[in-house]
Every structure is written in C-alpha cells, then in structure tokens.
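Working notes, structure below.
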Ligand SMILES: [Mg+2]
C-alpha cells in the first residue's frame, strides 16, 4: 500500500473564518495509494497547515507503506518536533493520521470502530449532548430532543458575576428537569478566583462539569482548581500529542479529558490518551464527539460514552451519522464511512 499522493484542501465553509488563526480552519486531507484507494481525514490549521503538509509532510510520506500508521505518526511528530510540538502542525498531522486510519479500515473492509475493538456493538445508539451558545440555541436543542446541554458562557465576560451563571443554569435546569445533564464551558476566559467562585455558586445545581475555565497552559491553576472545585473540571480540547496529555494526566489536572481527534494528533494520539486516562481513572469525553471521526473511537473504546454535538459550520462530508432525539448511531461503512461532497472534490 505505497503512498503515491497526498492532497490537502480547505473546503468552502460558510460562516467560518478562512484563515489559520482560529481553530476553525478545518482542512480535508486525502492520502492515495498506488492501488488508487483514497483515505480521507480532517485536520485543522487552515492554509498554514496545508503549507506544512505540502512542504514537509508530503515528502516524508510519499513512497511509504500506508499500513505503518503508528510508525508514520511517530516519524511525522519527530520530523516536526522543533517547531511543531503543539498547535497547527499537529492539526495537520491529525488530518493525515485520520486519512491513514481510513485507508486501514478500507483495506480490511471494516469500520474503524471494529478495527479498534472487534467486539464493538454497532447496533447501539450512543448518548449525546448539545453544545449551545445562547438561549435560542438552548431552546432549539431542547425542542429537538436533547436532554443533555452544555452552555457556553463567554457572554458573561472574563470576570463573570457567579449569580448570572447560576441563574442561567437554573433556567435550563427548569426546562430540562432534574435528571438532565447540564454543563458549563468558559472557553479558557477566566482566572483561578473567578473559576472557583463560579464553581462554588453552582455547586448544588448538579452541573456535570465546568469546562476549560482557565487558559490551557495554566497547569498550576488547573492543579489547584481540580483539588478545590466542588464541580468536576473538564478540559484538553486545546492539548496536543500523547506527551502533552501525559502531563495533564500525571498531574491530575482534570476530571474529564476532552481531546479533539482532528487537532490532537489524530486517532493514533486519541487511542493513547484513552489508554493513559483509563489507567488513571480519568474519564475521556472527546471534543465534538458526534462528528464521524471521534464517533468511531468513542463507540469502540469508551465505557461511558457521551458524544458532543458536531459543529454546524462544516458541511463537506457525506455519510456522517446524524443525531436523532439526543442519540447517535455510528456508521458501519469501511474506514470512517465518509466521503467528500462533489463540490469540494
Ligand atoms: Mg469547549
């Protein structure tokens, strides 16, 4: 399965910024082998990430055996380590890694979930949660059958009044009922004091987790917060590579880890994160887990699956499973089971 071509593009994505400076610059990577088979992955990093693939990673991989996924992953990381230990270079590697896993599944005629776990039950629907950004989103999620909702709270600023957050949680809790899951996402905007104040203010509201309250590099802050917060702390969507996650796990900085398969290093990294986290009793709940790449891993590896709603600005893939009434069933087509829509080919 010699690799003969690697192509990376940034599809038109209405509503999303097109440059590399936001994490929203999703790219599609296609890895082709000499037999003509094409593996498809999604990474991040936009035009800058495509440049890394075109000028560095392609040269490393052309002519290599696509079946050596883990070895190629190691080589890509080592080859870029002096300038790419986190961020957009790893986002580029993620897209290639996923394309290689897609090829591995297609070569064996089975979905990636079954590659990872031959005993996986693919008749089972997995529970999901909806991530919402305002009250309109929240109401829509409730109307479409979601009983688990994560509330982004950036609208309350960098030093929020904890009572505002408490009232928001109460409003959503009143609509959903006592049994429903409610989570909070601060998108790395707060400091330690604000985070602890909010956590204490919502301590009796059965909030399942407080997500990314601090910037991702504030490891000391996370350590202190994880030890004192009455609400479980989640994070990790902006962490990269198994080495990065090893630190978070060893220092017990989070109760729930949320690697993003399309950014963190791909499925090869996500498998490692699951292994490390499970051996330390830390839950893994992948970022945007209802998207077709993470969903296969959750189905195969997760003892307590919960898949986050997909981002609604990425419309380039055909074949992605859809959430129905708050749950989702992974596909069984070979690889990740998705293809590129004609307009983006
Ligand atoms: Mg988040």
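The values are calculated or read from the model by the stated rules, or taken from the named source; none is laboratory data. Computed from a predicted model, the values in this text were never measured in an experiment. Note that we place each Cβ from the backbone using ideal geometry, even for glycine, and neighbour counts take in every protein chain shown.
Here are a few things to note about the model shown:
- Number of residues in the stretch 65-91 that are within 21 Å of residue 1 (Cβ to Cβ), surrounded by 15 or more Cβ atoms within 10 Å (Cβ to Cβ) and touching a strand residue (DSSP E or B) at 6+ places or on another chain (Cβ under 8 Å): the value is 1.
- Residues that are touching a residue at least 40 places away in the same chain (Cβ under 8 Å), in contact with a helix residue (DSSP H, G or I) (Cβ under 8 Å, 6 or more places away or on another chain) and either assigned by TED's automatic domain parsing to the domain that holds residue 311 or part of a helix (DSSP H, G or I) (or both), drawn from the stretch 47-84: 48, 49, 50, 52, 53, 57, 61, 69, 70, 73, 77
- In the stretch 182-208, the residues that are in contact with a strand residue (DSSP E or B) (Cβ under 8 Å, 6 or more places away or on another chain) and either within 15 Å of the ligand (Cβ to nearest atom) or closer than 21 Å to residue 221 by Cα (or both): 182, 183, 184, 185, 186, 187, 195, 198, 199, 202, 207, 208
- Any chance residue 124 is farther than 20 Å from residue 298 by Cα, touching a residue at least 40 places away in the same chain (Cβ under 8 Å) and assigned to a loop (DSSP other than H, G, I, E, B): no
- Any chance residue 249 is within 16 Å of the ligand (Cβ to nearest atom) and assigned by TED's automatic domain parsing to the domain that holds residue 266: no
- Top-ranked residue of the stretch 145-171 - restricted to ones that are in contact (Cβ under 8 Å) with a residue 40 or more places away in the chain and either assigned to a loop (DSSP other than H, G, I, E, B) or away from the ligand (no atom under 15 Å from the Cβ) (or both), ranked as surrounded by the fewest Cβ atoms within 10 Å (Cβ to Cβ): 145
- Filtered residue count, the stretch 213-253, keeping only those that are in a helix (DSSP H, G or I) and touching a residue at least 60 places away in the same chain (Cβ under 8 Å): 3
- From the list 273, 284, the lone residue that is over 26 Å from residue 107 (Cα atoms), touching a helix residue (DSSP H, G or I) at 6+ places or on another chain (Cβ under 6 Å) and crowded, with 19+ Cβ neighbours inside 10 Å is 284.
- Within the set 294, 307, the sole residue that is within 16 Å of the ligand (Cβ to nearest atom), in the same structural domain as residue 188 (by TED's automatic domain parsing) and under 16 Å from residue 94 (Cα atoms) turns out to be 294.
- Taking the criterion of being within 19 Å of residue 207 (Cα to Cα) and within 16 Å of the ligand (Cβ to nearest atom), the residues of the stretch 230-245 that qualify are 231, 232, 233, 234, 235, 236.
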